[in-house]
Amino acid sequence: MQSKNLLELASAISSGAVRVVDLTFTLSPDFPVIVLPPEFGQAAPVRIQEISRYDGRGPAWYWNNVTFGEHTGTHFDAPIHWFTGKDLPNNAVDTMPPKDMIAPACVIDCSSQAAQNPDFLLTVPIVEAWEAKHGRIPERNWVLLRTDWSKKGWRDYANLRDDGAHTPGPNPEVMKWLVEQRGVIGFGTETIGTDAGQAGHLEPPYPAHHFLHGAGRYGLQCLCNLDQLPATGAVVVASPLKIQNGSGSPLRVIALVAPT
Amino acid sequence: MIDPIKPPRRKNPLLRTRLPASPPRPRSRTSHGFTRAAAEGRFMLQRCEACGSFAYPAREACPSCLSADLAFVDAPRRGMLLAETTARVPSDVYFRERAPWRIGLVKMDCGPTIVAHLHGDCAEGAAICMSLQLDKSGQAVAFAHPEGDTPNMADDKQWREMTADPKFRRVLVTNGRGVIGQEAVAALKAAGAKTVFVGVAEPWRPFAGEERLRDQDGIEIVTLDAADEKSVADLAADIGGKVDILVNTTEYVRPGGLLDRRGTSIARDEIDQAYLGFINLAQAFGPAMRMRGADGINSSAAWVNILSVYALANWPAFGAYSASQAACLSLSHCLRAELRPGGVKVMNLFTGPVDTEWFQMVPPPKVAPRAIAQAIVSGLKGGLEEMYVGDVAEEIRQRLAANPKALERELDR
């Protein structure tokens, strides 16, 4: 590839010929975070505290102190996040190869199924049907599960009931298959986790975390605007904060979409 | 007979909100024996250990036998109103604004004669019941009530200056997710609060009792995460000028001390919720409350903290929690001083372990959340500053006063 092509890309982005779609929720204290049983350690919520705002604390400048857990807001999961990936090389956000931060995406639209059933699980036949229409998922692609979950109000978004969260996700077979048979670079969702709300009851529990991170692949969650992406051809830029030995981080996820 | 107070009309926005004046403040150090009694709703006088006679006002030596051995003890409250007078044009700004103001000379059955503020139903020659109250300066004053109940007794103008009665006031209960908050909401509403705003953090997270809370009239559920600076500031921007009583029902209880916990995550949450939450609430709501201390029937009146009695003495089984409560206790004294110019009371309610989830493994006696709610209301109606709810709290206080070192060893079990 010549540098000319790269400059053409930059110019197409600048002119708007290549659309840049923001797949990120605003990082704010209001956004739901993962809920674990209270006896476990909890993700620190997002907090934004003013240092100064053109006032006596700093007359000409505005800035904040920000605190949050690694897994808050739209965020990235590195392999080290799960026990299956704990011994892999370069498994944290600071050591992962930077080239993995840019990759094409296949978007599987399951919004109608998810609207019918909050516990909808993605299966191999659904992906095979998608492939029949859009072609085989290439290696080192993101698979993004579109559910339109990001369009819900926060309460329905978290959808917590007395038996836990009810949100869509992948089943164990499809996760193993995507990782082993399709060599995906990662799996992304609109929901609070890459796994379904009830995934603790699957075998293995939390299959997306289990298989993705066990194979050194990545997770993206709390994505939005997936409805603005084509089924294939979008390129996702997802570069997490370089937190030392970090298991993940909130990040700005953008997608480049070429004109059709 | 006292006319019942009426629900306040809406304010005339063309009129300036009058600033709260304060009654005279200076007291001798010895006189603060009365302050301590008034803060707890007790009636105490000095009694001579040598001759047994009661003395008033506070003295350094017994007026009967000149012994210096005078101690504050609980004293009989009964007396007789000898004479009353009405101050119509007092020179003091506070009293001038509230004139006419009745005071009287009361002969106590136990001996001394006391100049006291009078409830409207006190009549010359009749028996009265005396109490010590904290006035808008936070200082103890003697207050004479009729001996029995009279109609609309709590609505007396002079009495209301001494109390923080929820009637017709607007209350913010900061955390409605827990049982304590929910019981407080119900009790305050039953006590005649006009509106109870009830804060709910993370409204996307369901919680027990939510339906019942939503179904009650006069209750407004508001989004409030006390630990989040912006959430608190946003709510204060909406309702800061309408919060007459703030009841801080933050509940964040976790067992554990230092060595058996790993890291500071839980401690940080404890500090975030209890201590920083307190600061956020104070900074957002305090200034308007301080400014609105004389704003009519529904003037700002009180700030209530619910503190663990282990704020006074660390209980290692809940050691880090105890420390967070101690921090809040210290902060409450700062808040009390800062709200003083507004005449806004800061009431601390100390409890032992409460009958809630995180004290599951603690054996009884435990304090029922409803008992806390009832104590809040009775404390506000009585104008108290310190309350000990339940046997454990009272016992810890007494053991601490008797021998702090012994208590430290005893709590280490």
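The values are calculated or read from the model by the stated rules, or taken from the named source; none is laboratory data. All of these numbers come straight from a predicted model, not from anything done at the bench. With ideal geometry, Cβ positions are generated from the backbone for all residues, glycine too; neighbour counts draw on all protein chains shown.
Listing for the model above:
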read-out: For B:ALA83: the one exception among (1) among the small types (Gly, Ala, Ser); (2) crowded, with 18+ Cβ neighbours inside 10 Å; (3) out of contact with any Pro (no Cβ under 8 Å at 6 or more places or on another chain); value: (2)
read-out: Of all residues in the range B:181-212 being outside any helix (DSSP H, G or I) and under 15 Å from B:ASN248 (Cβ atoms), the one that is farthest from the other protein chains (Cβ to nearest Cβ); value: B:VAL196
read-out: Qualifying residue in the range B:149-165 (condition: without any contact (Cβ under 8 Å) to a residue 60 or more places away in the chain and over 23 Å from B:ARG340 (Cα atoms)); value: yes
read-out: Pair list, Cβ under 8 Å, 6 or more apart: the range B:268-286 residue within 14 Å of chain A (Cβ to nearest Cβ), other residue among the charged types (D, E, K, R) and crowded, with 24+ Cβ neighbours inside 10 Å; value: B:ASN280/B:ASP228
read-out: Unmet requirement for A:SER14, which otherwise passes all of (1) of a type in the set (Ser, Thr, Tyr); (2) in a helix (DSSP H, G or I); (3) surrounded by 13 or more Cβ atoms within 10 Å (Cβ to Cβ); value: (3)
read-out: B:ALA75 free of Cβ contacts under 8 Å to residues at least 40 places away in the same chain and surrounded by fewer than 17 Cβ atoms within 10 Å (Cβ to Cβ); value: no
read-out: Residue in the range A:182-197 that is surrounded by fewer than 20 Cβ atoms within 10 Å (Cβ to Cβ) and of a type in the set (S, T, N, Q) present; value: no
read-out: Scan of the range B:213-233 for residues that are more than 17 Å from B:THR249 (Cα to Cα), among the acidic types (Asp, Glu) and in a loop (DSSP other than H, G, I, E, B), ordered by number; value: B:ASP217
read-out: Residue count, the range A:114-147 (criterion: in a helix (DSSP H, G or I) and more than 17 Å from A:ALA208 (Cβ to Cβ)); value: 10
read-out: Residues within the range A:154-184 that are more than 20 Å from A:CYS110 (Cβ to Cβ) and not basic (Lys, Arg), tallied; value: 7
read-out: Cross-chain or 6+ apart pairs with Cβ under 7 Å, the range A:18-30 first and more than 13 Å from chain B (Cβ to nearest Cβ), then basic (Lys, Arg); value: A:THR24/A:ARG252
read-out: Top-ranked residue in the range A:163-180 [being of a type in the set (Asp, Glu) and in a helix (DSSP H, G or I); ranked as surrounded by the fewest Cβ atoms within 10 Å (Cβ to Cβ)]; value: A:GLU180
read-out: Residues (within 14 Å of chain A (Cβ to nearest Cβ) and surrounded by 18 or more Cβ atoms within 10 Å (Cβ to Cβ)) located in the range B:231-254; value: B:SER231, B:VAL232, B:LEU235, B:GLU251, B:TYR252, B:VAL253
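Okay, residues lined up against (1) in contact with a strand residue (DSSP E or B) (Cβ under 7 Å, 6 or more places away or on another chain); (2) closer than 24 Å to A:ARG252 by Cα:
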| site | (1), (2) |
| --- | --- |
| A:ASP30 | no, yes |
| A:ILE34 | no, yes |
| A:PRO37 | no, no |
| A:VAL46 | no, yes |
| A:TYR54 | yes, no |
| A:TYR62 | yes, yes |
| A:GLY73 | yes, yes |
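This table checks each residue for (1) in the same structural domain as B:THR113 (by TED's automatic domain parsing); (2) in a loop (DSSP other than H, G, I, E, B); (3) among the charged types (D, E, K, R); (4) under 15 Å from B:ILE114 (Cβ atoms).
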site: B:ARG42; (1), (2), (3), (4): yes, yes, yes, no
site: B:GLN46; (1), (2), (3), (4): yes, no, no, yes
site: B:CYS51; (1), (2), (3), (4): yes, yes, no, no
site: B:GLU60; (1), (2), (3), (4): yes, yes, yes, no
site: B:SER64; (1), (2), (3), (4): yes, yes, no, no
site: B:SER67; (1), (2), (3), (4): yes, yes, no, no
site: B:GLY79; (1), (2), (3), (4): yes, no, no, yes
site: B:GLU84; (1), (2), (3), (4): yes, no, yes, yes
site: B:PRO90; (1), (2), (3), (4): yes, yes, no, no
